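Asks: Take a look at this one; I'll ask things after.
The values are calculated or read from the model by the stated rules, or taken from the named source; none is laboratory data. For clarity, every value in this text was computed on a predicted model and none was experimentally measured. Cβ coordinates were reconstructed from backbone atoms using ideal geometry, including for glycine residues, and neighbour counts include every protein chain displayed. Remember, those area values only see protein heavy atoms, side chains included, never the ligands or the DNA or RNA. Shrake-Rupley method; radii C 1.70, N 1.55, O 1.52, S 1.80 Å.
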Amino acid sequence: MPTVQSPKLTLSQTSSQQGALVTASGTWQVHTLAHDNAIKAIDAQLKPLQGDANASWDLSQIDSMDHIGAQLFWNAWGKQRPAQLTLAPSQEEFFRRIEETGPLETPPSRANRLTPVMKLGMTILLFFEHLKGFIALVGQVTQDIGRFARHPMRGPWREISANIFHAGFQALGITALVGFLIGVVLSYLSAQQLRAFGGDIYLVNLLGMSVIRELGPLLAAILVAGRSGSSITAQLGVMRVTEELDAMLVMGISHGFRLIMPKVLALAISMPLLVIWTDTAALIGGMVAAKVELNLSARYFIQKLPDAVPLANYMIGLGKGVIFGMLIALVSCHFGLRIKANTESLGHGTTTAVVTAITVVILADAVFAIVFNGVGY
């Protein structure tokens with residue numbers, strides 16, 4: 001095995017008229033150049049020689065060289081061969097490749113020409129484009145429901161049943177768990193405040209009104225939007241990627257009648273039932289916390305609840321469930337149909353659909369609060 005020698009540079013003066021003679025020896029490879037910071041010492045020796053056209057270079061005594069060692073000499077020569085250069089035959093290939101490569105120039109980065117006002121305008125235009133598409137989708141679903149009402153025997157009953165199972169029945173576990181925990185937390189915190197003012201008996205009023213009128217429908221809608229809404233968007237997006245939607249059009253099968261309308265009807269049916277289920281779980285959790293914290297019996301809680309919460313609040317909660325379910329299905333289908341045939345668009349569209357669906361649900365809940373401000377008290 002040959003002995004590895006450290007890279008060395010020897011400078012000698014040939015005559016007063018000629019420049020220095022630079023003789024290189026040793027092993028000029030990356031592992032030897034990196035050992036003991038040899039490259040720093042070599043850079044210090046090469047720096048005074050940069051730009052010296054009279055210098056003579058003799059690299060024939062170098063044992064072995066790689067592209068890293070050749071690049072050090074090339075930089076010292078000012079990116080061109082010196083007039084007086086002696087190379088070994090094996091070294092000619094390194095410098096020929098470096099010479100053919102030429103200077104590496106990176107293209108200048110393109111300046112962003114969009115001003116904040118232009119970005120705002122593009123965002124507004126995109127919003128109205130989505131709004132136009134959403135309104136068109138609502139109109140299409142309305143026509144499909146009318147067609148389904150005229151010919152119910154030809155309707156997509158299997159699709160509706162399957163979507164009720166996936167969006168409704170399979171969501172019972174998570175909605176019950178979240179509803180129960182929210183009821184426990186709300187009852188526990190409210191009991192601490194009511195005890196300070198001696199209003200323990202009003203816990204039923206506070207818990208019943210907040211859960212049945214607001215929290216129950218909103219919690220169920222947010223969970224369904226995150227669980228079933230993302231599933232609907234991803235399903236339509238995968239059908240776009242695999243070109244199943246195009247195949248349906250070729251076979252004359254309507255997207256709206258077979259894909260969108262069953263999902264809208266299924267969520268309109270299952271969401272009120274999930275609201276009832278979530279309300280029940282939250283009230284049970286509130287009763288448990290009230291028994292532990294205020295020693296209110298479950299019998300007193302059940303007897304007091306109908307008087308504390310008028311029936312109108314219960315109907316408002318069910319109405320919210322129907323509207324929220326339809327909005328979640330429409331928003332999810334809207335973004336699912338706009339997904340392009342690539343996986344990046346699929347992920348982005350699914351995320352956007354969930355965020356938009358939750359936002360639309362909260363906005364609809366605010367509209368309900370304003371419209372039914374004087375109802376149920």
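Asks: log10 I(q)/I(0), Debye, Cα-only segment 119-185, no solvent, q = 0.12 Å⁻¹?
Replies: Reported log10 I(q)/I(0), two decimals: -0.67.
Asks: Too long at a 30 Å Cα-Cα cut-off: which of 119/263; 119/340; 132/320; 320/340; 119/320?
Replies: Violating the 30 Å Cα-Cα cut-off are 119/263; 320/340; 119/320.
Asks: Going 7 Å from the Cα of residue 153 in the Cα-to-Cβ direction, what parts of segment 243-277 have a backbone nitrogen less than 13 Å from that spot?
Replies: No residue qualifies, since no backbone N sits under 13 Å from the label point.
Asks: Now for a different question. P(r) of segment 140-372 in 10 Å steps, Cα pairs, percent per bin?
Replies: Using 10 Å bins, I get a P(r) of 8, 29, 29, 18, 10, 5, 1, 0 for segment 140-372.
Asks: Compute a Gaussian network model of the chain, connecting alpha carbons closer than 10 Å, and tell me which residue from 48, 272, 116 fluctuates the most.
Replies: Highest fluctuation of the listed residues: 48.
Asks: Any idea what log10 I(q)/I(0) is at q = 0.20, 0.21 Å⁻¹ for segment 8-101, Debye with uniform C-alpha scatterers and no solvent?
Replies: -1.00, -1.10
Asks: Another one. Which residue, chosen from 280, 302, 267, occupies the Cα position most advanced towards the positive end of the dipole of segment 247-377, where the dipole is computed from +1 (Lys, Arg) and -1 (Asp, Glu) charges on Cβ about the Cα centre?
Replies: After comparing all options, I get 267.
Asks: I'd like the distance separating the alpha-carbon centroids of segment 310-377 and segment 162-238, in whole Å.
Replies: First find each Cα centre; the distance between them is then 15 Å.
Asks: Further question on the same structure: Out of segment 154-257, which GluC sites (Glu not before Pro) are coil in DSSP terms and have no more than 16 other C-beta atoms within 10 Å?
Replies: Passing both the DSSP loop test and the Cβ count: 243.
Asks: Nearest 500 deg cm²/dmol is fine: what mean residue ellipticity at 222 nm does the chain get from its DSSP H runs of n ≥ 4 alone, each adding -39,500 (n - 2.57), divided by its residue count?
Replies: -21000 deg cm²/dmol
Asks: Any chance you could give the angle, 0 to 90 degrees and rounded to 10, that helix 157-167 forms with the longest Cα principal axis of the chain?
Replies: Taking Cα atoms only, the helix is inclined about 70 degrees.
Asks: Let me ask you something else. Taking 0.36 nm per intervening residue step and subtracting the Cα-Cα distance, what contour gain separates residue 248 from residue 174 on full extension?
Replies: Length difference between fully extended and current span is 23.2 nm.
Asks: Something else about it: Given Cβ point charges of +1 (Lys, Arg) and -1 (Asp, Glu) and nothing else, what value in debye, to the nearest 20, does the dipole of the chain about its Cα centre take? Can you show the working numbers first?
Replies: Numbers: 27 positive and 24 negative charges, 307 e Å.
In total the dipole reaches around 1480 debye.
Asks: List the lysines whose Cα lies under 26 Å from the Cα of residue 8, skipping any in the same chain that are fewer than 8 positions away.
Replies: Output for residue 8: 40, 47, 79.
Asks: Using only Cα atoms and rounding to the nearest 10 degrees, what angle (0 to 90) does helix 298-308 make with the longest principal axis of the chain?
Replies: With rounding to tens, the tilt is 80 degrees.
Asks: Which FRET efficiency value, to the nearest 0.05, is calculated for residue 342 and residue 79 with the Förster distance at 41 angstrom and r the Cβ-Cβ distance?
Replies: 0.45
Asks: Report residue 279's accessible area, 1.4 Å probe, all protein chains in place, as a number in Å² to the nearest 10.
Replies: 10
Asks: Once the Cα atoms of helix 343-371 and of the chain are each reduced to a long axis, what angle between those two axes, in degrees from 0 to 90 to the nearest 10, is obtained?
Replies: It works out to around 40 degrees.
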